[in-house]
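Reading through the structure tokens given below for one structure.
The values are calculated or read from the model by the stated rules, or taken from the named source; none is laboratory data. These figures come from a predicted structure and were not determined experimentally. Here Cβ is always computed from backbone atoms with ideal geometry, including for glycine, and neighbour counts include all displayed protein chains.
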Ligand code: 6PG
């Protein structure tokens, strides 16, 4: 995958750099069309970014009325459950910035069964996001993490959602986690203007090496199946980067 790569040894520098990049994308999008439509990543790595966005001078540079928050995926749990990606984002960011409630588009896991939840969220994307030239709802920015098994969002190895090329959101049973999830699909991620991967920890090193070494190989991980039309950037800590070098 062709991508810019930034590597940081010091965790604070990693977080600060990602927050500044988020601000760049915000400014570019508002200048272009007046709003900023961003899909948040779940897991633990983004928590630092969300904290920095809400508690530093960056927050004062953002017109939060223009920011529209979405989620790349969600565990099939209530919105106040400890495993909820929405709860993590609420606690680390949304409760601390004046983003209007109407601009927060969570995946409403309590609104029906998994397929109904996925369908409803797909309608949210269709009704609120600009469209790419191919007609697919287009985020200004999709934040993503990568798991040690090469999953991203909830696009896990050996799951049916990897073959989903029609729907923009789908439900998926993740046997590796013994749980259901709802996730945006490859078509939506591929259509985003910007994709920003936040990857930290030595447990990601082998996946990062495989996907970014540049050596010819057949795609093995879900993240390698992405065909992004927009700009892709990787922000890595040195633990995850291993022998990979920064590149523009
Ligand atoms: C989730 C995320 C998932 C995450 C990766 C990396 O809901 O867990 O969508 O794709 O980004 O598992 O997680 P960490 O950042 O915690 O390593």
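Structure notes:
- Scoring residue 124 on the criteria (1) assigned to a loop (DSSP other than H, G, I, E, B); (2) under 27 Å from residue 225 (Cα atoms); (3) more than 16 Å from the ligand (Cβ to nearest atom) leaves a single failure, condition (1).
- Taking the conditions (1) under 15 Å from residue 150 (Cβ atoms); (2) in contact with a strand residue (DSSP E or B) (Cβ under 9 Å, 6 or more places away or on another chain); (3) more than 15 Å from the ligand (Cβ to nearest atom) in turn, residue 189 satisfies each one other than (3).
- Members of the range 117-139 found to be more than 27 Å from residue 77 (Cα to Cα) and either exposed (fewer than 14 other Cβ atoms within 10 Å of the Cβ) or touching a strand residue (DSSP E or B) at 6+ places or on another chain (Cβ under 6 Å) (or both), listed by number: 131, 133, 134, 135
Conditions tested, residue by residue: (1) in contact with a helix residue (DSSP H, G or I) (Cβ under 9 Å, 6 or more places away or on another chain); (2) over 24 Å from residue 46 (Cα atoms).
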residue: 100; (1), (2): yes, no
residue: 109; (1), (2): yes, no
residue: 119; (1), (2): no, yes
residue: 126; (1), (2): no, yes
residue: 134; (1), (2): yes, yes
residue: 142; (1), (2): yes, no
residue: 150; (1), (2): yes, no
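- Any hit, the range 185-200, residues being surrounded by fewer than 20 Cβ atoms within 10 Å (Cβ to Cβ) and in contact with a helix residue (DSSP H, G or I) (Cβ under 8 Å, 6 or more places away or on another chain): no
- Test: residue in the range 204-215 that is at pLDDT 95 or above, within 14 Å of the ligand (Cβ to nearest atom) and farther than 24 Å from residue 11 by Cβ: no
- Candidate set: the range 152-169, residues that are at negative phi and surrounded by 24 or more Cβ atoms within 10 Å (Cβ to Cβ); chosen: the one nearest to the chain's Cα centre (by Cα): 152
- Leading residue by the ranking (nearest to the ligand (Cβ to nearest atom)) among those in the range 135-172 that are free of Cβ contacts under 8 Å to residues at least 24 places away in the same chain and not in a loop (DSSP other than H, G, I, E, B): 172
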